[in-house]
1. If you place +1 on the Cβ of every Lys and Arg, -1 on the Cβ of every Asp and Glu, and leave all else neutral, what size is the dipole of chain B about its Cα centre, to the nearest 20 Debye?
2. Separation of region B:225-301 and region B:506-551 by C-alpha centroid, Å?
3. Do any chymotrypsin sites (Phe, Trp or Tyr not before Pro) in region B:177-247 lie in a DSSP loop with no more than 10 other beta carbon atoms within 10 Å, and if so, which?
4. Got a sec? Charge dipole of chain B, +1 on Cβ for Lys and Arg, -1 for Asp and Glu; which of B:Gln87, B:Leu101, B:Ser422 is way out at the positive end?
5. Assign unit charges at the C-beta atoms only (+1 for Lys and Arg, -1 for Asp and Glu), then state the dipole size of the protein assembly as shown relative to its Cα centre in Debye, rounded to the nearest 20.
6. Ordering B:Thr404, B:Thr508 by accessible area with a probe of 1.4 Å, largest first, what comes out?
7. Using a 10 Å cut-off on Cβ to Cβ distances, tally the other chain neighbours for every residue of A:74-82 and report the average as a whole number.
8. For B:His37, B:His106, B:His447, write out the residues from largest to smallest accessible area, computed with a 1.4 angstrom probe and no ligands counted.
Amino acid sequence: MHILVVDDDPLAGEMTVAVLEEAGHTCQFAEHGMQALEALVDPAAFELVVSDMNMPLLSGLELFQEMRSQGLETPFVLLTGDDPEPLRARAPGILACLLKDASMEDSLPRLVEQL
Amino acid sequence: MATGKTESFKARKQKLRQSFITQFPQRLGQARELLIHLTPGSDQRERLDKLHLIFHTLKGSGASLGFDSIDASAKAAEHALREVLDQDGQVTVTDGLVAELEQQLHSLEALELALEPPHSHDTGPSFELSTRQATEGHVSKHRQRLVYLCDDDPQLAQELSGQLSCFGYQVIPFMTLDAVRQAFLAKPPGAIIMDVIFPEGRDAGPALIAEMNACLDRPVPSVFMSSRNDFAARLRSVQAGGNAYCPKPVKAVEMAEILDQLTNRIPSEPFNILVVDDDPDVAHFFAMVLEEAGMVTRVANEPEHVPGILECFDADLVLMDLYMPHCSGPDLARLLRQIPGYLSLPIIYVSSETDVDRQFKALEVGADGFLTKPLEPDRLVSEVRLRAERMRTLRSLMIRDSLTGLFNHNTILQLLEVALASCQRARNTLCIAMIDVDHFKLVNDTHGHPAGDQVLMALGRTLRLRLREVDLVGRYGGEEFAAILVGLDLDQAKTIIDGLRENFAAVTFFADGVEFHCSFSSGIAAFPEFSKASTLVEAADRALYRAKHAGRNRVEVAHDKTAAPEDT
């Protein structure tokens, strides 16, 4: 699966990419929401977007909302360092909201596998 | 089985962790810089935004990369900033915010991040000394990790609190149960140290802890100390939720180690396990199971390779097959026991041998246990961990100096031999720095022995926190310390020790309300210029002697031309 990974922190983003590539997927990395939107100009380019929540300028949630308002229906996974529960409630259209810690190494590939 | 792929993932993750560790001091430095310029009462949204981003990123990448020790402080700082930034209109910096950020940044600065699983030779050549790392040892104005200490003996409470603050804790002493109860209710501490016997009763300390913790979701880590060392007292404190028990007299360094563990400041290093089995598949299977549980393993398929591997792999435990051709498990165990350094190395056999008599015979030659195949991975991990853990504790009691927690004289000399041998093989460089506190006798005479001890503890702590994990630090004698710096040349070593010297000279000590300062002198010698342990130590000592004679508070290096004893 070709996946767009969005994270303002290159180290954390690299880690997400490593986890996904390890599970056999290919990834492109975007450092912020605007870059992500540029990469998404071709709606068929990615089968999934995995984005960090807390980013300057455009948060992960705002990126998701912006995508949907542009008619981009790519499945969207949100990663957050805080309690994911309230976020899930705020964005019902999101595929999943995962806690961004060591558990992500298992939870993310498992989730993607089910798609 | 480990595939090439998982290894490459591991390698990638390891690299990312390394980058994180390398960048960590820089990021804290940036935060420190911003924090310095925060003035309470003014609107500094831009700076606060930047600070928020730094703490947020630290929290995020720290969590993704599994540096759990960062989480709490980064989260607290981020949260405090968020609260202020979320206010509409003017963003005013408050004293409370500055204090909170100060405390959390201080905790982060005191962290030692470990690259785990550390492949011993793979720690990277970089030498990171964060520019603004907390200089341990002085009673700083910073808010430190909060600890309550309660003992009805005022002198003990004061003294122990003072000593513990040298280890980076903010310790508040209380003399009565009522006082500590009130403080507890107002603000629960990070940990609490509690006497057992009070005028209120022989178990009043544990009783209060039980009562306090009953009102909290998460109990506060508690340590009991007591002149009672009977079973009933220990039982009572365990039942009250005590995490540790120290019979009096309590040594500050031991208490600090306990606090470090309870408040998770220093992540414990993974266990090193050597697996010996002539069947490579079996050996790799065990190795994989143990690696998955976070341990570091080496595999030997030939018994004759074992001594060589042990020389450069500091094993906590050896797991060996009972039946191997040419050299059986018991033979190998006996062989290892005849090498002085391995007398106490735990050895466990793995075998399908179920005959109790034969098991007993195999254990007689000095092995520590028997695991029978088929072996459940869970059981393998728990058996190995249990023994390795106990071994580590025992060993650390034997090899450490009780005041400073550093390696003792004999151990540091042994470690020097080991480090030298490994540097010879790897054609690596090594420096030894002999460090001696200036006018130490004067400190003792003027300010008393507790003040002198405080200085030694502070210096020991500074050395341990500020040098890399691969460096070895020991207390060589009374006020003399030795540091072994691997992979550095003389100039690099001098720069580092000089930096430490300047920091240490800036530390303010307090004794009975009087401020004083201390300094140290140091002499450094390098391998391969000096090739033997004894000549290295001698050369460093001579350089130290020159530093003392040239006016103290300075660092001198030894060169071959000065190797001949000077006529003085």
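The values are calculated or read from the model by the stated rules, or taken from the named source; none is laboratory data. Just so it is clear, the model here is predicted, and its values are computed rather than measured. Because the Cβ atoms are built from the backbone with ideal geometry, glycine has one as well, and the counts that use them run over all protein chains shown. Protein only, heavy atoms only, side chains kept; ligands, DNA and RNA dropped before computing areas. Shrake-Rupley method; radii C 1.70, N 1.55, O 1.52, S 1.80 Å.
1. On the way: 58 positive and 80 negative charges, 112 e Å.
In debye, rounded to 20, chain B gives about 540.
2. Cα centroid to Cα centroid, the span is 34 Å.
3. Working: sites: B:Phe184, B:Phe224, B:Phe231, B:Tyr245; in loops: none.
Answer in residue order: no site qualifies.
4. The residue sitting most towards the positive pole is B:Gln87.
5. Details: 63 positive and 101 negative charges, 257 e Å.
Computed about the Cα centre, the dipole is about 1240 debye.
6. On the way: B:Thr404 10, B:Thr508 30 Å².
So the residues, ranked largest to smallest area, are B:Thr508, B:Thr404.
7. Working: counts 0, 0, 0, 0, 0, 3, 2, 12, 7.
Counting Cβ atoms of other protein chains within 10 Å of each residue's Cβ and averaging gives 3.
8. Working: B:His37 90, B:His106 15, B:His447 45 Å².
Ranked list, largest accessible area first: B:His37, B:His447, B:His106.
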